[in-house]
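Q: Below are the structure tokens for one structure; questions will follow.
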């Protein structure tokens, strides 16, 4: 898929101040909480201390406000983009149309789904670089822990986020 | 015109969560009508057992990204009642203030983003942004206003964290209070423009009288606190909800069905409007009048209009509350009440944007939850949604299948069902055409 590329945004020239990171999900639905878990981990790390990190919960429409006025947005979410369970994808939303055509499911949002929000972003002509780092969950039943297979991906996801924002 | 119809709307889009409607009509008679919730229920009640008194509000605020303040407040109220904690008047006023803006956040989302596309004849908010950008921009500005209010009071726009058992971990500053008042005053032009837009909508002419239940107060248009009141003539203390509100398990849904005086009742903005019209601000009443909304109203589709009238009330009353809080002066000493964990049972009843929300906790002598019961508004509306369908379908049976399908979806959406609370999206199936 043309919109999936690995970590090629370092040339963008954004400063940390221009970057926002948002995790989506419900931390009481097991692996659906990966986005929130990553947010909690990032908040502990010095590397991220000048970066706005947001616990987005499950509210999709609010993404519009978070996208507006920021140079680059990194979204962390439980996503089924056809990868294996536990597989991590780094999706660049360069082409919303192409992105929408893909068989891609965000599992976390309650109101408008991620594809609808991105369509709205396009319709409103909001121009922000968006990367979606998604992990395919194993289990989204009720529970406050990640599956071991997902838990062990936490360091990898944090490394990908770092690479995304290193200038 | 059809005699036989077999419709499955699966999923019904633009509702919070996930659900199905299955409709089987033979010779113009409804043979089967099921509003089905296919996902597993949320086991938050079980998750609460064994938790310390300060944990349930944070856990239950995650049940829904849209109603997190409502779950937080219902939870806090249940715990405070159980442990005999008395929050200050300042705390209660600040809770009412943040509560107004969760109602605005949610009502804006529903009226403009989820329901409006039906009335404008477009498939979703995305084409609406192309055909009616002014509507979408008003919606975004109003939503942002409410987000700003929630963030200033609660520390975050989504899942606010400063609202806790006993009070607030941090108070807004006087400057922030003044800023909030300015933000609120600036949104009136958008409300006026919305009024003109909403006047042009062709709301379906549908009428089915039912029992309407909400909380009610002698002074406020009750959202945060009040007795439980029915249009069938009864009113009870919120602690005694079990005297009137009954739940039963039904085979086709993982969410329970509820009943009170009759076999079904409605909760939400229209129920609140019907019970508490006289407590609305004069300005909100003026908007209601201009939109043709009069109490009592038995047209479920008017729930969307009632939601908009509530937005006007929320803004008006927030300005009044800010003035009251400022007049008395923000006092750090009143930010937190004394807490002595112990045994007890308490019920917290609030109006979530979608209607009555009940949290019922029993604590043991170690201050840990022994038993929890949560009744959510969409669960209360399920039986009434099915009754409305039974009333609506015979009136539209001569229309095309697509029109019937859309009307069914619109009716379900009018309830603003947050199926994610009780479980999770809505699908519609017309079977046997």
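Q: So residue B:50 fits all but one of (1) within 13 Å of chain A (Cβ to nearest Cβ); (2) part of a helix (DSSP H, G or I); what number is the exception?
A: Only one criterion is unmet by residue B:50, namely (2).
Q: Looking at the range B:82-92, which of its residues are surrounded by 21 or more Cβ atoms within 10 Å (Cβ to Cβ) and assigned to a helix (DSSP H, G or I)?
A: Listed by number, the residues that qualify are B:82, B:90, B:91.
Q: Here is a follow-up. Could you check residue B:116 against (1) facing another protein chain (nearest Cβ under 9 Å); (2) surrounded by 21 or more Cβ atoms within 10 Å (Cβ to Cβ); (3) farther than 27 Å from residue B:224 by Cβ and say which number it fails?
A: So residue B:116 meets the others, but not (1).
Q: Specify which of the listed residues (A:157, A:91) is closer than 29 Å to residue A:69 by Cβ, within 15 Å of the chain's Cα centre (by Cα) and at pLDDT 90 or above. Break it down stepwise before answering.
A: Numbers: A:91 fails: at pLDDT 90 or above.
Going through A:157, A:91 in turn, the sole match is A:157.
Q: May I pose another question? For the range B:56-81, how many residues are within 11 Å of another protein chain (Cβ to nearest Cβ) and either in a helix (DSSP H, G or I) or surrounded by fewer than 20 Cβ atoms within 10 Å (Cβ to Cβ) (or both)?
A: Residues meeting the conditions: 4.
Q: Quick test of your reading of the structure: residue A:58 fulfils all but one of (1) more than 9 Å from chain B (Cβ to nearest Cβ); (2) at pLDDT below 90; (3) closer than 23 Å to residue A:118 by Cβ. Name the failing condition by number.
A: (1)
Q: Which ones in the range B:113-142 are on the phi < 0 side of the Ramachandran plot and assigned to a loop (DSSP other than H, G, I, E, B)?
A: B:120, B:122, B:123, B:124, B:132, listed by residue number.
Q: Quick one: in the range B:9-33, of everything that is at pLDDT 60 or above and surrounded by fewer than 19 Cβ atoms within 10 Å (Cβ to Cβ), which residue is nearest to the other protein chains (Cβ to nearest Cβ)?
A: B:33
Q: Touching a residue at least 24 places away in the same chain (Cβ under 8 Å) and within 14 Å of another protein chain (Cβ to nearest Cβ): does that describe residue B:136?
A: Yes, satisfied.
Q: Check residue B:38 against each of (1) at pLDDT below 90; (2) touching a helix residue (DSSP H, G or I) at 6+ places or on another chain (Cβ under 8 Å); (3) buried (at least 18 other Cβ atoms within 10 Å of the Cβ) and name the one condition it does not meet.
A: Single failed check for residue B:38: (2).
Q: Let me ask something else about it. If a residue must be away from chain A (no Cβ under 12 Å) and in contact (Cβ under 8 Å) with a residue 24 or more places away in the chain, how many such residues does the range B:121-133 contain?
A: 0
Q: Next up: For the range B:154-165, check the following and say yes or no: at least one residue is crowded, with 17+ Cβ neighbours inside 10 Å and assigned to a helix (DSSP H, G or I).
A: Scanning the range B:154-165, I find at least one residue that is crowded, with 17+ Cβ neighbours inside 10 Å and assigned to a helix (DSSP H, G or I), so the answer is yes.
The values are calculated or read from the model by the stated rules, or taken from the named source; none is laboratory data. Since the structure is predicted, the reported quantities are computational estimates derived from the model, not experimental observations. A quick note on method: Cβ atoms are made from the backbone with ideal geometry, for glycine too, and the neighbour counts reach across all protein chains shown.
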